[in-house]
1. Determine the distance separating the Cα centre of region 22-45 from the Cα centre of region 211-244; give it in Å without decimals.
2. To the nearest 20 debye, what is the magnitude of the charge dipole of the chain about its Cα centre, counting +1 on the Cβ of each Lys and Arg and -1 on the Cβ of each Asp and Glu?
3. Where in region 41-71 does the amide nitrogen come within less than 15 Å of the point 7 Å from the Cα of Gln94, taken along Cα to Cβ?
4. Could you give the nm distance between label points at Asp221 and Glu161, where each point is 7 Å from its Cα heading toward the beta carbon?
5. Given 0.36 nm per residue, what is the gain on full extension from Gln154 to Asp136 after removing their alpha carbon distance, in nm?
6. Given Lys144/Lys210; Lys261/Lys286; Lys274/Lys300; Lys198/Lys294; Lys198/Lys257, which pairs have Cα atoms separated by over 21 Å?
7. Divide, for the chain, the radius of gyration over alpha carbons by 2.2 N^0.38 Å, where N is the residue count.
8. Rounded to the nearest 10 degrees, what's the angle between the helix 152-161 long axis and the longest principal axis of the chain, both from Cα atoms, 0 to 90?
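Laboratory data are not the source of any read-out in this text; all were calculated from the coordinates shown. Nothing here was measured: the structure is a model prediction, and the numbers come from that model. So basically every Cβ, Gly included, is an ideal-geometry build from the backbone, and we count neighbours across all protein chains shown.
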Amino acid sequence: MNDVITETHIPVLLTEAIDALHVSPGAWYIDATFGRGGHTRSLLEKGAHVLALDVDQTAIEFGQQFFAEEIQQGKLLLIRENFAQLETLVQKLQDEQKIGEVSGILFDFGTSSNQLKDAQRGFSFSDNGELDMRMDDRLGVKAKDLLALLSEKQLTRIFTELGGEHEAWRIARAIVVKRQVKAIQTVAELVELIEKTKRERRGHLHPATKVFQALRIAVNDELQSIELALPQAEKILQKGGRIVTISFHEGEDRIVKHMLKKWEETRLGEIMTKKALLATEEEVTKNNRARSAKLRVFRKN
C-alpha cells in the first residue's frame, strides 16, 4: 500500500463551484474527481451527502483516512472508479438503496498538486523517476511505452493536439532517433532531450511542460473519459439538478462547451454560465494553476 500523502491541496475555484451547485442539506451530490477531497469536504460542510469517485488508489487511501467519520456515518461513499462508468455505478448504488436521487455533479478535470509532486509517478519534470503518468495503476500503458511504440507522426499529433506544443514535430523526431539507440525510460532523460531539442522558450513555462501534459492526457485517455461521462451525468441527474465542470485544458473545455450547447439546443436544460467563470487575480496570485481554469454550469430541466 502506498504511503498516504497528507499535504493539503486547495482546489481551484472552490467557492464558485460549490455555490454553483446550490447545495440542499441531505441531498446527494457526486464529486466525480475526489483528489484530495477539497470539494467533498465543502459539500459535507453544507450538509450534503456525497458519492466521491477517483481512479487513483492514493487518493482513495487519503479519503479513507481523513474522512473516516463521514464514511462511517454514511454521509460519504468513496469509490475507486473512473467517472466514465458513472451511470452504471449510480444505478447499482440506487438499486441497492445506498444513495438517493442525484442533485448535482461536479467534475474538476485538473490534476492535484500531490500527484504532480509525486516523483514516483513521473508526472513532474522537476523530479526524476520512471515515466509512468498513470492516474490509475491498473492501466497497462505507461508514458514510456507511448514514447517507445508510437510513430513520429503519432507523437507529433499527441504533442500538438493535447499539449499545444509548437515544436511537436522536432521533439517527436528527436524521440524516434533517440530510441533507436536507447529507450527513454525516465523523466530526466525526456527532459534533457526536450531541452536540447527546443529552439525557443515561451514565457515562464518549463520547456517540457506541454509535452508532459500531452503524455499525461494520452496515457489516461482523459478526453475520451470526459466525452463518455458527460452524457451519463445528464442522464442520472434529477430535474433541476446542476452539472458543474472545471477545465484546465482547451481540449477539455471544448468538449464541455459542445456538450452543454447540444443539451440546451435540445431543451434538456439551460447553460447558467454564458461565459466561463474564471479565477480572480487574487486566486491566481496564490495558485498559478488557477490561471487556465474555466468553470461552466448547466441546470437540467
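1. Answer, in whole Å: 17.
2. 1060 debye
3. 51
4. 1.5 nm
5. Details: separation 18, 0.36 × 18 = 6.48 nm, distance 2.31 nm.
Net length gain for the segment: 4.2 nm.
6. Exceeds cut-off: Lys261/Lys286; Lys198/Lys294; Lys198/Lys257.
7. That ratio works out to 1.03.
8. In the chain, helix 152-161 runs at an angle near 40 degrees to the longest axis.
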